[in-house]
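The block underneath contains the structure these notes are about, expressed in structure tokens.
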Amino acid sequence: MKKFSLGKAFVPVVGAIGLIYLLLPIAHVILFSFNEKRGRNNIIWNGFSLENWQNPCGAPQVCTAFGNSIMVGLVSTVIATVLGTMIAIALVRYRFKFRSTISLLLFTPMATPEVVLGAGLAAQFLLAGVEKGLGTVILAHVMFCISYVVVAVKARVASLNPAIEEAGRDLYASPGQVFWRITLPMLMPGIIGAALLSFALSFDDFIITNFNSGTATTFPKFIYVSALKGVPAQANVLASIVFIGALLLVIIVQSVNISRQKKLATR
């Protein structure tokens with residue numbers, strides 16, 4: 001008879017508790033997206049219903065706010081990813097004055113509290129006479145997303161093997177051909193990861209957005225305002241769609257990686 005080992009059971013039990021703690025709010029959101037609509041509140045379970053999923057835009061402004069967040073996230077991600085990738089390559093591959101200072105300053109938005117960043121940007125837009133709206137939100141999101149892109153892509157650039165690019169040049173490839181056909185494909189995993197992180201941060205941001213959005217509404221801002229009178233079940237539906245979409249994306253990526261590793265192992 002095997003003896004029960006508390007040490008061996010401790011890690012799985014703590015891991016299970018941590019997983020439940022992380023997934024419980026998500027499970028609550030998904031569950032209450034099927035809650036039967038009775039009044040404005042979506043706090044008490046009234047019964048199972050598919051009405052909210054059949055009409056996810058039933059609540060006023062919920063789809064407008066969701067669409068604004070998607071648009072802001074995509075535009076901010078594209079700009080931040082392009083600029084951040086170029087900055088990362090420059091910081092790793094080239095030597096120039098104030099290189100160390102720039103590397104240090106890039107961490108500033110990551111280390112600064114969002115309320116400070118949001119208030120500072122709002123003051124700058126006010127002094128410049130810029131009207132607040134989705135444009136100012138995009139500028140603000142690009143500013144703090146660039147730092148995360150630079151950190152992620154910089155690590156990828158530093159890990160590249162220069163001999164592979166040198167081999168391309170030895171085969172008479174032009175600098176442009178070496179970059180587009182060798183360097184960029186090798187950087188792509190880091191760039192894609194940085195872009196996904198950037199989009200997630202932009203889509204999820206509330207504090208900086210609230211300071212700089214003016215009358216424009218994004219999904220997190222809509223949730224905050226709605227929380228005072230009860231978040232509509234349609235917001236739970238859209239949040240559930242985002243979570244399920246992200247989960248499917250992770251599963252697809254992992255499946256492709258596993259399939260690729262199996263093919264390489266059989267060669």
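The values are calculated or read from the model by the stated rules, or taken from the named source; none is laboratory data. Keep in mind the model is a prediction, meaning the values are calculated, not measured. Every residue, glycine as well, gets a Cβ built from its backbone with ideal geometry; the counts of neighbours run over all protein chains shown. Note: areas computed on protein heavy atoms with side chains; ligands, DNA, RNA excluded. Shrake-Rupley method; radii C 1.70, N 1.55, O 1.52, S 1.80 Å.
Key figures
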| quantity | calculated |
| --- | --- |
| Where a residue in region 167-187 is at pLDDT 90 or above and its partner, wherever it lies, is polar (S, T, N, Q) and crowded, with 16+ Cβ neighbours inside 10 Å, with Cβ under 6 Å and at least six apart | none |
| Any hit, region 209-220, residues being surrounded by fewer than 18 Cβ atoms within 10 Å (Cβ to Cβ), part of a loop (DSSP other than H, G, I, E, B) and at positive phi | yes |
| All positions within region 6-57 that are part of a helix (DSSP H, G or I) and in contact (Cβ under 8 Å) with a residue 60 or more places away in the chain | Ile26, Val29, Ile30, Phe32, Asn52, Trp53 |
| Check on Ser69, small (Gly, Ala, Ser) and modelled with pLDDT under 90 | no |
| Given (1) open to solvent by 20 Å² or more (accessible area, probe 1.4 Å); (2) in the same structural domain as Leu117 (by the TED database); (3) closer than 21 Å to Ala200 by Cβ; (4) hydrophobic (A, V, I, L, M, F, W, C), index of the condition Val225 fails | (3) |
| Residue satisfying condition, being assigned by the TED database to the domain that holds Pro113, in a helix (DSSP H, G or I), open to solvent by 60 Å² or more (accessible area, probe 1.4 Å) and over 16 Å from Gln61 (Cα atoms), within set Leu196, Leu201 | Leu196 |
| Candidate set: region 237-265, residues that are within 15 Å of Asn52 (Cα to Cα) and under 19 Å from the mean Cα position of the chain (by Cα); chosen: the one most open to solvent (accessible area, probe 1.4 Å) | Ile241 |
| Residue in region 43-50 that is open to solvent by less than 50 Å² (accessible area, probe 1.4 Å) and touching a helix residue (DSSP H, G or I) at 6+ places or on another chain (Cβ under 6 Å) present | no |
| Selected residue (only one of Leu160, Leu171, Leu228, Leu196 is closer than 16 Å to Val82 by Cα and of a type in the set (A, V, I, L, M)) | Leu196 |
| Members of region 117-140 found to be closer than 30 Å to Ala158 by Cβ and open to solvent by 70 Å² or more (accessible area, probe 1.4 Å), listed by number | Leu139 |
| Selection within region 169-180 - surrounded by 13 or more Cβ atoms within 10 Å (Cβ to Cβ) and more than 17 Å from Arg93 (Cα to Cα) | Ala173, Gln177 |
| Wholly enclosed helices (runs of 4 or more DSSP H) of region 71-174 bearing at least 1 residues assigned by the TED database to the domain that holds Phe199 and within 14 Å of Gly190 (Cα to Cα) | 134-158 |
